[in-house]
Amino acid sequence: MVWRATAEEARRTDGKHRRAALERRVALGVPIGLLAYLEGEPVGWCSIAPRSTYRPLGGSEYPGVEPDQIWSVTCFFLTRELRGQGIMPHLLDAAVEHAQQRGAVVIEGYPVDEDSPSYRFMGFVPTFEDAGFIEVARAGTRRHVMRRDMPTS
């Protein structure tokens with residue numbers, strides 16, 4: 001909810017209120033992301049949705065691209081025992097495919113360098129580079145704005 005919260009929601013940071021805010025979005029049909037499962041158990045998460053459903057992320061403008069055709073990857077989570085096993089690239093690939101199937105023309109990510117002291121939940125630059133993203137800007141001092149264009153038919 002960090003990048004999704006309205007001003008009112010941001011004042012209520014406890015788990016109960018965050019959960020309720022996310023559940024409201026799901027009930028309204030707002031895209032929020034993907035869950036990763038292993039042997040039927042949830043083990044990971046990727047926040048992927050139209051950029052317009054988030055607060056400002058520091059992304060770029062793309063002339064000729066409608067706002068809802070720009071999707072953003074903003075957060076990853078993997079259970080501790082699965083970290084460092086090469087799963088992140090698969091989660092990012094699934095997020096890209098998910099967004100493309102729903103009309104994304106541009107996908108942005110906001111990863112950090114691997115030695116960053118913060119925003120590590122947004123992913124790391126090499127993972128995005130390996131997935132075909134290119135850096136187009138910076139957002140603040142730590143976050144890189146990386147873009148991947150989707151093929152059009």
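Just so it is clear, none of the values below were taken in a lab; they were calculated from the coordinates. Note that the structure is a prediction, hence the values are computed from the model and not measured. Methodologically, a virtual Cβ is constructed for each residue, glycine included, from the backbone with ideal geometry; neighbour enumeration extends over all protein chains shown.
Summary table below
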| read-out | value |
| --- | --- |
| Choice from Thr74, Thr141, Thr53 with maximal GNM fluctuation in the chain (Cα, 10 Å cutoff) | Thr141 |
| Relative contact order of the range 48-152, defined on C-alpha pairs under 8 angstrom at six or more residues apart (%) | 29 percent |
| Spacing of the two label points (7 Å from each Cα toward its C-beta) at Asp113 and Ser60, in nm | 2.1 nm |
| Residue-averaged [θ]222 nm for the chain, counting only DSSP H segments that reach four residues, each worth -39500 (n - 2.57) | -7000 deg cm²/dmol |
| Correct option for Rg and Dmax of the Cα atoms in Å [calculated from the coordinates] among (i) 24.7, 94; (ii) 15.1, 45; (iii) 15.8, 51 | (ii) |
| Farthest positive-ward along the chain dipole, Cα basis, beta-carbon charges - from Tyr54, Val145, Val125 | Tyr54 |
| Simple Cβ-charge dipole of the chain, Lys/Arg +1 and Asp/Glu -1, about Cα centre, in debye nearest 20 | 720 debye |
